[in-house]
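First up is the structure itself, then whatever we jot down about it.
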Amino acid sequence: MIDKGYVLTMARYNGWQNSQLRHTIKRMDDKALRQDRGAFFGSIFATLNHILWADTLWMSRWCSDVPAPDVPAAENTAFKVTPSDWDGARFRLDGRIRIWAQTLSNVDLHGTLSFHSATLGRTVSQPTAMCIAHMFNHQTHHRGQVHQMLSEAGETPPVSDLIFMPEDA
């Protein structure tokens, strides 16, 4: 399904996208970041928190040094209280995702990942490769929502086309 090259590329893409978003939201005022824009999670900041919360949860399943989020699923949109807190946590987790991707082998992508889903209230087992692809797909999906909300807020959304990712990203 996927190989290490895919994981490395998507880890780079994730970091590139989030770096651009981090710079964009630093310029925005708190009111604009928290304004309900009718998106699934409401605001830009709530959506960014949801992505960070989910990435943290997924990484805690693969990396023993990444603790699970310290807030329950129902509060994922309030994971980090301030944009500054979000920025630091996002930066650190993106670095951890890159390191994790670099240490994977193709063999690591085989097998099954079993985990407790608080959303479903039960243990779920899925192919590891599917779970990894899901994490990256989930990020991209919700960053697309952020892209739209940034446009509505009068900001210039970052370039998001994978084919335009710089080599040094």
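The values are calculated or read from the model by the stated rules, or taken from the named source; none is laboratory data. Computed from a prediction, not measured in an experiment: that's the story for all the values here. Every residue, glycine among them, receives a Cβ derived from its backbone with ideal geometry; neighbour counts consider all protein chains shown. Ligands, DNA and RNA are stripped out before the accessible areas are found, and what is left, the full protein with its side chains, is counted by its heavy atoms. Shrake-Rupley method; radii C 1.70, N 1.55, O 1.52, S 1.80 Å.
Neighbours of residue 83, meaning other residues whose beta-carbon lies under 14 angstrom from its beta-carbon, give a summed charge of +2 when Lys and Arg score +1 and Asp and Glu score -1. The convex hull drawn around the Cα atoms of segment 1-156, when projected onto a plane and averaged over every direction, covers 8.9 nm². Given +1 at the Cβ of Lys and Arg, -1 at the Cβ of Asp and Glu and no other charges, the dipole of the chain around its Cα centre is 120 debye to the nearest 20. Our coupling estimate for segment 129-141, obtained by passing each phi through the Karplus curve with A = 6.51, B = -1.76, C = 1.60 and θ = phi - 60°, is 4, 5, 5, 5, 4, 4, 4, 5, 5, 4, 4, 5, 4 Hz, Gly and Pro reported as x.
Charge tally around residue 25: other residues with Cβ under 15 Å, Lys/Arg +1 each, Asp/Glu -1 each, net +2.
Relative contact order of the chain: 33 percent, from C-alpha pairs under 8 Å at least 6 residues apart in sequence. The residues of the chain present an accessible area of 52 Å² per residue when probed at 1.4 Å with all protein chains retained.
What Kirkwood hydrodynamic radius, in Å, does segment 114-169 give when the mean of 1/r is taken over all pairs of distinct Cα atoms and then inverted? Every distinct Cα pair counted, the radius reaches 14.0 Å.
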